[in-house]
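Read the structure below first, then the notes.
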Amino acid sequence: MMKYCSLILLIGISILRAEDTGALYTRALELFDARHLDKENAVKAKEIAAQIAEKEPGNVKALILLSRCHLFYGEGLKTEDEKRATYEKGAEFAKKALKLDEKSADAHFYYAAGLGRCAQLKGIFNAIGAAGEIKKEFERALELDPAHLIAKVALANYYYQVPGLFGGSTEKAIELLKESLEIRPNLTMAAVDLARIYKNQGKKKEAIMLLENVLETITPAIAANYYLYDKKEAEELLKDLKR
């Protein structure tokens, strides 16, 4: 059945070859953003993005979307080797995009995200070894686009997870997460991360307030992240806090 669906999709894309690739990219992005509704949406998005990149090797947006797809796929794989190979491939797509457009904030962000996932799988010492480059890429993304809030959240996590001896800072992490929420209060990933820090600091009341707000969110800034991750994490953290 899966092969049959893929064949139909490829035939459909062949028919649409004359269509503007911008419209095809928009469709692929819409599908990927709706991956929480149906996992097949991410599969279709990847196939369309791959078709665009094959037709237009210099299409930066298609390369970045392929990078995003690989980050998403890696999460669902069973073995560390499979995960690492997928994350590395995702980082490669982002690196290709960077070579084409150094001023793409998304390319810097997803390159760093891919490197970060790989580093985490390789252990603490490898993670620390890669930390400098990851931080630099997140900072470059924000330099190019100060409104890139996902990069701001990622940088906050960097500061929180890296030991102080290597430049980590809980205070800096909190500052970045608060800034993100001030700009976009419904950015639930930032709220969950901040609540987790507060929980670890013993600030139970502040953590509970943030998590309850997350669960009451009607229009999350990033729906896919909310329904795939943030809502579940908020429920689990809140459960622990109310025991």
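The values are calculated or read from the model by the stated rules, or taken from the named source; none is laboratory data. Just so it is clear, the structure is predicted and the values come from calculations on it, not from any experiment. For neighbour counting, all protein chains shown are included, and Cβ atoms are generated from backbone atoms with ideal geometry for every residue, glycine included.
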* Asked: If you scan the range 178-204, which residues turn out to be more than 14 Å from residue 241 (Cα to Cα), in contact (Cβ under 8 Å) with a residue 40 or more places away in the chain and not aliphatic (A, V, I, L, M)?
  -> 188, 193
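Quick one: in the range 76-120, which of the residues that are hydrophobic (A, V, I, L, M, F, W, C) and surrounded by fewer than 16 Cβ atoms within 10 Å (Cβ to Cβ) is farthest from residue 142 (Cα to Cα)? Full working, then the answer.
Filtering the range 76-120 for residues hydrophobic (A, V, I, L, M, F, W, C) gives 77, 85, 91, 93-94, 97-98, 100, 105, 107, 109, 112-113, 115, 118-119.
From what is left, the residues that are surrounded by fewer than 16 Cβ atoms within 10 Å (Cβ to Cβ) are 77, 85, 100.
Values: 77: 30, 85: 27, 100: 19 Å.
The residue in question is 77.
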* To do: Kindly indicate the residue of the range 132-173 that is among the basic types (Lys, Arg) and not assigned by TED's automatic domain parsing to the domain that holds residue 106 and also farthest from residue 225 (Cα to Cα) among those meeting that condition.
  => 172
* Just one of the numbered conditions (1) modelled with pLDDT of 95 or more; (2) farther than 22 Å from residue 57 by Cα; (3) among the aromatic types (Phe, Trp, Tyr) is not true of residue 109; which one? -> (2)
* Among the numbered conditions (1) loosely packed, with under 14 Cβ neighbours inside 10 Å; (2) over 18 Å from the mean Cα position of the chain (by Cα), tell me where residue 196 comes up short. => (1)
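Quick check on this structure: which one of 31, 71, 66 is over 18 Å from residue 228 (Cβ atoms) and buried (at least 18 other Cβ atoms within 10 Å of the Cβ)? Can you show your working first?
On the way: 31 fails: over 18 Å from residue 228 (Cβ atoms); 71 fails: over 18 Å from residue 228 (Cβ atoms).
It is 66.
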